[in-house]
Structures are given as structure tokens and as C-alpha cells.
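The values are calculated or read from the model by the stated rules, or taken from the named source; none is laboratory data. From a predicted model like this one, the values you see are computed outputs, not experimental measurements. So basically every Cβ, Gly included, is an ideal-geometry build from the backbone, and we count neighbours across all protein chains shown. Only protein heavy atoms, including side chains, enter the accessible area calculation; ligands, DNA and RNA are left aside. Shrake-Rupley method; radii C 1.70, N 1.55, O 1.52, S 1.80 Å.
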Amino acid sequence: MSTAAPPADWHRLDPRTVLVTALVVAGVVAGAAIPVTLGLTRWFSLPVAVLQVLAGAVLVIGVAAGADRVRWHRTRYRIGTERVDLHTGLLLVKRRSLARSSIRTVDLTANLMLRLLGLVTVRIGTGEQGSESTLVLDPVTRAEGERLRLLLLERAATASPGVHREGELAVLDPRWIRYAPVSFVAPMLGGAAAGAVMQVSDWIGAQGQVIEWVGDRFRETPLLWTIIVLVLAALVAGVLGALGLWIEMWWNYRLEREAGGTLRVRRGLFTSRSISVEEARLRGVDLVEPLGVRLLGAARLDAITTGLAKDHEAKNADHNTLLPAAPRTRADSVAADVLREPDTPTGAALTPHPRAARGRRLRWSLAAVLGPVLILTLLGALLTPVLLWIALGCAVVAVPVAVVLALDAYRALGHALSGRYLVTRSGTVRRSTAALERAGVIGWTVKQSVFQRRAGLLSVTATTAAGGGAYTAYDTDASEGLAFAADAVPGLLEPFLERSPKGA
């Protein structure tokens, strides 16, 4: 049965998607071929095992390419005057449609294979939760992707108040790579590398030999030094992995403002990414300082905006990051350019919080540390003195660390009003300085526990439809916190403040 050609206003994906799928699956199969072949040699001779793996590889690649050929043949999209339509499916045809007025993001992504072929994956989203709010065109030509991005994000240019500049706002400085090894990614990658070695060795039936080889290397070495050397080796692997990941994610980074009021972030070495943020949806910025990065005087800059993609894949792509970890002064200047402000709100002088807030953090930190120490002490008294020594060691190491982090968390607390923005800062392991546009606040939440009431403290939270949805000034002075909320958005909190004396 012949299939009628689609109407002229319908478009197909690029037919080279079949080639891309075949090559990607071939790469995966090639990676798995060696351990599978070695595993089959337990039951078959090496030539027979190789032939079986080759036959299986051809079958898997053929099935994958055939399935993608069917997907390409049954997928088409259309850009109408009011809606974007995507039809796909063989037996069960899936028809999805997005109103053009609700589209907030058009992001382009291309891995190394797509880049070599001049193709991109286009993600069109409304910024709402769930995959149903996103249409994915995978792949189309780069020229078609750029056409769709400009067409769907086309807005009438509107003048914005304040000083600002168009064009390039920030570009990669290779010296920023020095912040990659001090991120929390490094130890995680080190642990993952050690786990991967053990997992792969288990697949090929050589885990015992690997453990024995490591044991032979350290047979004459004390246990403590053995542990130290292995941890350092894992950290070195993690640092190398963090450097490689940073280069892959942020090479060719560029932040620019396009005509019509769109901020565009482009980055990536092998996998290129293009992320667009409409300034009309921008509600502020968040200056994030993870502990290691902050010790080197650096920070990264995230956008507080409505309408960024919120599906699982987008979350893993750092869609809201405008600037990677860079010197704090550079992050502040970029924040000012992004917000079209002469002075960045993230650099405003903040109102410190009462000393009672310091006491609360000290008590929380000591309780978190001394609780496990107390359990170890009780178990040591009942079971073995070894646990008593472990408890003592934990207390000697953890208590000073807990005190230092608690004091640092207290020093981080602050809030202020800076022009059109309210600013809140908190955190120690991850310090966050959020500058939220006052016009973007849709409500306030005031919380005061029994202990806060006795200390004369409260926490005020600005709720918004942008970013994380809530930005809190923790443990402020009770009267100061209420005045801060009332001044930030006049008229929003006053009715409740006027009623409070009557109910007192």
C-alpha cells in the first residue's frame, strides 16, 4: 500500500538519523564486545565466541537502524501560525501540539556524531513539569534548528530600563578550569572510577585477581598508609575526570544578548549546546558558591527565570547556568549585565542576622555530630572498647569541623533590598546569594517555631513562579524580617501585619 506524501507545510526529520543510530549502536556494541567475548570463552573456543559476538552485533545494529528508519518515516512536524504539531508512531499514532504563545525554550544540542554530520536535536518546551510539555525533533539540520529557534522565540523588541549592553556578555577564560578540581564532582568521580574498575573486573571474571594484585602491591605497607594511598589514587582519578568533564561542558562557552531580548548560552566541546532564555521571563539571578569554589574566591551564576525546561533530561544539562565558576568579581559584573543594572544586586551590603541565629546553627551542628558519637559510645560500653576509640576519634575530628561550618553558615546569613531586587543569602557548603525581582514575588510565607519565638527570630520566604519557587531569609530578627517583607512588596503583607496586634 502506498503512503501519501504529507502536506507541503509538514516537515520530516533528517533521514541521516538512521545512520546516526547505526553508528551509535555500533559504538555501544563495540564497547561491550570484548567483555562478552571473554565471557563466552568459558564455554566456547575463541573463534566461535568471536563469530557469535559478530553475529549478535550485526543483528542488534540492524534492528536498531530498522526501528529508527520506521520512526523517521512515521514522524513529521509542522510550525503553524498558532501551534507547533508533532505526529509520530506506527501502530499507535501519537499527536502532540504546543501553542506557540506558550513556548518558552528552544534549545539546540548536538553530540559529536551529529556535529560531524551538521545535525542538531531541537527541544521545544513550555517550561512546565513533565515530558508532555516538550517536543523533541531529533535530528534536523543545523540550519533548520537555527530557523526554528529564531522563529519560535521571535518577540517584539522592547526597551528595558537601566544601562546595559548588547552582544557578547561573557566568553570563556581557560584559566577558569582551575575551579574544576575543587568542585564536589571530583570525589564523586573518584569513587565512581574505583567502582567501575571493580564492576568491569567482575564482568570478565577477574575481580579476585584485581584484589589480589592490589594486595600484593601493599603487602608490606601498614593498613593506614594503604588506605591513604588508595584514597589519593581515587582523588587523582576524580580530579582528572572533573577536568575532562569541565572541558566537555564549558569549552567554547559564550553568553550573549540577542536582538529582541534573548540571552543565549552556547557551550560544549564534543556535545554542543545552545540554550536560550527570554529576558521577559528573567526574574533575577542566583550567585552560587560551593565551598571549594568559594575558598578560591569564585562563584557561578544561575538564572532565576520562569519557563525553563523542567524535565529529567533538561535538569541534567544545567539549563539555568549562565556563567560557570569564575572569579567572584567577574560573576558580579556578568550579573549586572544580565539584569541591565549599573550595580549588581548580588554585591549589595546585606543586613546581618541576630546572634541568636548563630546559637541555633551551633546547636544543630553539634547535635548532628554528637548524636552518632553518643550511639557509638553506648555500643562501645556494651559491646567492645574499639567502638569507644572510634567515638573518640569521630568527636575529635568532627566537632571542630561542625563548629567552623556553623559559624560560617551564620556569617553567610543576610538580606537586603537593592533597587528593583530583594536579596537573600544563606548556606555554607553551598552558599547562595539570590537576587529576586520584587515584582516577581507572588506571596510571603512567615514561619516561626517555638524556639524561634523564644529567641525573637523568624524566617520569611518570598514565593515566586520562577527558579526554585521560594527564597528564604532564615532566622531574621522578628521585627526586621517582617519589615523587610513589607518593604520589598508594599501592600502584600500589610493586611496581616495590621491584624496581628488585634489578635495578640
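With the requirement that a residue be aliphatic (A, V, I, L, M), surrounded by 15 or more Cβ atoms within 10 Å (Cβ to Cβ) and over 26 Å from Asp475 (Cα atoms), what does the range 380-420 give you?
Correct list: Leu387, Leu388, Ile390, Ala391, Ala395.
Here are some conditions: (1) over 25 Å from Phe270 (Cβ atoms); (2) in a loop (DSSP other than H, G, I, E, B). Arg95 meets all but one. Which one does it not meet?
(2)
What pairs come up if the first residue lies in the range 39-65 and is of a type in the set (Phe, Trp, Tyr), the second is assigned to a helix (DSSP H, G or I) and at pLDDT below 85, and their beta carbons are under 8 Å apart, counting only those six or more places apart or on different chains?
If the second residue must be assigned to a helix (DSSP H, G or I) and at pLDDT below 85, the pairs left are Phe44/Gln52.
Within the range 35-52, track down each residue that is out of contact with any helix residue (DSSP H, G or I) (no Cβ under 9 Å at 6 or more places or on another chain) and either surrounded by 13 or more Cβ atoms within 10 Å (Cβ to Cβ) or assigned to a helix (DSSP H, G or I) (or both).
Of everything in the range 35-52, those that are out of contact with any helix residue (DSSP H, G or I) (no Cβ under 9 Å at 6 or more places or on another chain) and either surrounded by 13 or more Cβ atoms within 10 Å (Cβ to Cβ) or assigned to a helix (DSSP H, G or I) (or both) turn out to be Pro47, Leu51.
If the requirement is being at pLDDT 95 or above and touching a Gly at 6+ places or on another chain (Cβ under 9 Å), which of these qualifies: Pro342, Pro327?
From the options Pro342, Pro327, the qualifying one is Pro327.
Does Glu144 meet the test of being assigned to a loop (DSSP other than H, G, I, E, B) and either among the charged types (D, E, K, R) or in contact (Cβ under 8 Å) with a residue 60 or more places away in the chain (or both)?
No; evaluated as a whole, the condition is false for this residue.
Assuming Asp68 fulfils every condition listed in (1) on the phi < 0 side of the Ramachandran plot; (2) in contact with a strand residue (DSSP E or B) (Cβ under 8 Å, 6 or more places away or on another chain) apart from one, which condition is it?
Here Asp68 clears every test but (2).
If Val210 satisfies every condition in (1) without any contact (Cβ under 8 Å) to a residue 12 or more places away in the chain; (2) over 28 Å from the mean Cα position of the chain (by Cα) but one, which is the exception?
(1)
So, of the residues in the range 53-71 that are open to solvent by less than 40 Å² (accessible area, probe 1.4 Å) and under 34 Å from the mean Cα position of the chain (by Cα), which turns out to be farthest from Thr41 (Cα to Cα)?
Among those that are open to solvent by less than 40 Å² (accessible area, probe 1.4 Å) and under 34 Å from the mean Cα position of the chain (by Cα), it is Asp68.
Of the residues Thr226, Thr221, which is assigned to a helix (DSSP H, G or I), polar (S, T, N, Q) and either modelled with pLDDT of 85 or more or on the phi < 0 side of the Ramachandran plot (or both)?
The match here is Thr226.
Looking at Leu13, Leu98, which is the one that is within 17 Å of Val122 (Cβ to Cβ) and at pLDDT 90 or above?
Numbers: Leu98 fails: at pLDDT 90 or above.
It is Leu13.
Here's the yes/no breakdown for (1) free of Cβ contacts under 8 Å to residues at least 24 places away in the same chain; (2) of a type in the set (Ser, Thr, Tyr); (3) not in a strand (DSSP E or B):
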| site | (1), (2), (3) |
| --- | --- |
| Thr428 | no, yes, yes |
| Arg431 | no, no, no |
| Ile442 | yes, no, no |
| Leu458 | no, no, no |
| Thr463 | yes, yes, no |
| Tyr471 | no, yes, no |
| Thr476 | no, yes, no |
| Leu482 | no, no, yes |
